């Protein structure tokens, strides 16, 4: 294995890797401190926490495959106990996430059966990509027909015009970890055309086998170097240093002010009269924004 650096990967980092002379690339992510910071003001049951952590890891991995300046949002919406789950990641790998669940029971781990119960039988997975540099907005939607978030995400890639993609995701109370591998454009077409002689498993076949062999425990406990050396036999792997990632909510006084203005002066002042102040709490980080009477007057241009 060759690496761009001898520095050990930090707990909160996403790293890219490629297989030398093979049409396969991938990304690895591990998040510790940022995952705990995200949950500092919220309590989730273990299964919901695990599903939310997997969604955070997936949002970072998916953002890492793109070259854009903007935001990637992964959303699960259904009629199960977890009616809504949202994970967002920006181009600089700052993420935030939330889940709204009720009646999820006393289970201690996320099983396939519990996943189906959490998302319900009419759920959908939506991936939205929004660019800051243009009005570009891409959205892909697939039904939640699998028995895991990984299966549903792989279905999303299969049904879209993207690259053949496989994932592994894991999360516990302390850590999120994930692996994503993709077959590069043109590789499958070359094999199918007959121009390339195939006498055994292809590099893509071997990579998929290696990924399937990674256990949940290995994913959570091992660093990128160890995982790639032990599990992937498709050839020499080049692992890049990557980028730091972490929890970062994008709420601000300016954003909340804009939201209040959109509600209209009459409605905001009605709340002010009833409650003595207008308080808006961010759904993602639970940070409260409070506007007293002078602040509300200033908000609508009535400065005395």
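Please compute the contact order of the stretch 1-128 in relative form: average sequence separation of alpha-carbon pairs under 8 Å and at least six residues apart, divided by the residue count, as a percent. Let's see the in-between values first.
Numbers: 211 pairs, mean separation 29.5, N = 128.
Relative contact order for the stretch 1-128 comes out at 23 percent.
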Original post:
Mind checking which of 65, 126, 253 has the largest fluctuation in a GNM of the chain, springs on alpha carbons under 10 Å?
Top reply: 253
**OP:** Given the options 171, 203, 277, state which has the largest fluctuation in a GNM of the chain using a 10 Å cut-off (strictly under) for Cα springs.
**Re:** 277
**OP:** Whole Å is fine, so just give me how far the alpha carbon centre of the stretch 204-220 lies from that of the stretch 258-304.
**Re:** 51 Å
Subject >> Taking the chain and dividing mean pair separation by its residue count, relative contact order in percent (alpha carbons under 8 Å, at least six apart) >> reply: 24 percent
**OP:** Only Cα pairs under 8 Å and at least 6 apart count here; give the relative contact order of the stretch 265-304 as a rounded whole percent.
**Re:** 32 percent
Subject >> Inter-label distance for residue 270 and residue 121, nm, one decimal - labels placed 7 Å from Cα along Cα-to-Cβ >> reply: 4.0 nm
Original post:
Based solely on its DSSP helices, what 222 nm [θ] is calculated for the chain when runs of n ≥ 4 H residues each add -39,500 (n - 2.57) and the sum is averaged over all residues, nearest 500 deg cm²/dmol?
Top reply: -10000 deg cm²/dmol
Original post:
Arranged by the count of other C-beta atoms within 10 angstrom, fewest first, what order do 261, 206 take?
Top reply: 261, 206
**OP:** Enter the angle in degrees (range 0 to 90, nearest 10) between the Cα long axis of helix 46-64 and the first principal axis of the Cα atoms of the chain, meaning the one along which they spread out most.
**Re:** 70 degrees
Original post:
How are the Cα pair distances of the chain distributed, in percent, across 10 Å bins from 0?
Top reply: 6, 24, 30, 22, 11, 5, 2, 0, 0
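Give me 229, 176, 76 sorted ascending by neighbouring Cβ count inside 10 Å, so fewest comes first. The partial results should precede the final answer.
On the way: 229 13, 176 30, 76 25.
Ordered from fewest to most neighbouring Cβ atoms within 10 Å, 229, 176, 76 come out as 229, 76, 176.
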Original post:
How do 27, 147 line up, fewest other C-beta atoms within 10 Å first?
Top reply: 147, 27
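Please compute the length gained on full extension between residue 158 and residue 108, using 0.36 nm multiplied by the number of residues separating them and subtracting their Cα-Cα distance.
Values: separation 50, 0.36 × 50 = 18.00 nm, distance 3.13 nm.
Stretched fully, the residue 158-residue 108 segment lengthens by 14.9 nm.
The numbers here are math on the coordinates, done by the rules we state, and not lab data. Note that this is a predicted model, so its numbers are computed, not measured. Cβ sites come from the backbone with ideal geometry, for glycine too, and all protein chains shown count toward neighbours.
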